[in-house]
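Asks: One structure is given below, represented as structure tokens, and several questions about it will come after.
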Amino acid sequence: MKKLLLSIALGSICAISFAQGKDLKVAIDPTYEPFTFKTADGKPTGFDVDIASALCEQIKRKCVFVEQVWDSMIPGLQAKKYDVIISSLSITEDRQKVIDFTDKYYNTPSRVVTRKDVKYTGPASIKGKKIGVLKGSTQEKYAMGELKTAGVEVIPYEAQDQVYLDIKAGRLDGTVADYVEVTGGFLSKPEGKDYELKGEELYAAKYFGVGVGIGLRKGQTALKTELNKAIADIRSNGTYKKINDKYFKFDAYGK
């Protein structure tokens, strides 16, 4: 009997250890610098990646990053190709109809970007211009709702870095993108020297949601609870600030 009880106890301990050490498959789109991109040797890095790794450490899981094209992120999650999305996925009403979200872990505005010599006073002032956006993004939703109706030609792309390549090649007049991403991924680079941010910071909830959270399938309640606690923990123990300060000179958690 003692051997049986010992065997059961050891089995339970092993089961707990296995659960804690289980891989967490995390979907990322590595074309969104400085949030998710690749190092010279092809390893995923960026703010989202570091936050994901910190959260995995908190919940005693190992992050395994799965690269995914942006507009198929949510279908891939629903198909169980990975466990969560930690890749600058904004919490919007439309998305909440099909997937669940944790609390936000950052919130930055979006901006319109065009050449410096373009006088921008609002969507109507760039009528006839070609604006590239990331397909399936909140910026695409904004551009379709506000720019296209004003006569702007909105062109969706599979990846944000493709937008920048076509701006550089003269096939686009600008973009709508996350302020931090477009600053780090384009404006601060030589190819962005003739371009600048235009207009006001864009926060409208009907387009951009209420911040960026971790996407989960409906019903992943236990994992959501774990991750929400982990987000709160890294905010309070200094880990979040350390990661934040590695990439930004302001608190990306936002308002």
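The values are calculated or read from the model by the stated rules, or taken from the named source; none is laboratory data. Note that the structure is a prediction, hence the values are computed from the model and not measured. As a convention, Cβ positions derive from the backbone with ideal geometry for all residues, glycine included, and neighbour counts pool all protein chains shown.
Asks: Quick one: in the range 207-225, which of the residues that are touching a helix residue (DSSP H, G or I) at 6+ places or on another chain (Cβ under 8 Å) and assigned to a helix (DSSP H, G or I) is surrounded by the most Cβ atoms within 10 Å (Cβ to Cβ)?
Replies: Within the range 207-225, the subset touching a helix residue (DSSP H, G or I) at 6+ places or on another chain (Cβ under 8 Å) is 207-209, 214-217.
Retained after the next criterion (residues that are assigned to a helix (DSSP H, G or I)): 207-208.
Values: 207: 21, 208: 23.
Only one residue tops the list, namely 208.
Asks: Looking at (1) in contact with a Lys or Arg (Cβ under 8 Å, 6 or more places away or on another chain); (2) surrounded by 16 or more Cβ atoms within 10 Å (Cβ to Cβ); (3) under 19 Å from residue 119 (Cα atoms), which is the only condition residue 175 fails?
Replies: Among (1) in contact with a Lys or Arg (Cβ under 8 Å, 6 or more places away or on another chain); (2) surrounded by 16 or more Cβ atoms within 10 Å (Cβ to Cβ); (3) under 19 Å from residue 119 (Cα atoms), the lone unmet condition for residue 175 is (1).
Asks: One residue is enough: does the range 129-152 have a residue meeting the conditions among the hydroxyl-bearing types (Ser, Thr, Tyr), at pLDDT 95 or above and surrounded by fewer than 16 Cβ atoms within 10 Å (Cβ to Cβ)?
Replies: yes
Asks: Which ones in the range 69-94 are buried (at least 19 other Cβ atoms within 10 Å of the Cβ), on the phi < 0 side of the Ramachandran plot and not β-branched (Val, Ile, Thr)?
Replies: 70, 73, 77, 82, 83, 87, 89, 90
Asks: On to the next question. Which residue out of 251, 173 is within 18 Å of the chain's Cα centre (by Cα), over 15 Å from residue 103 (Cα atoms) and among the acidic types (Asp, Glu)?
Replies: Unique residue meeting the criteria: 251.
Asks: Moving to a separate point now. Does residue 65 meet the test of being aromatic (Phe, Trp, Tyr), more than 30 Å from residue 191 (Cβ to Cβ) and touching a helix residue (DSSP H, G or I) at 6+ places or on another chain (Cβ under 9 Å)?
Replies: Judged against the criteria, residue 65 is not a match.
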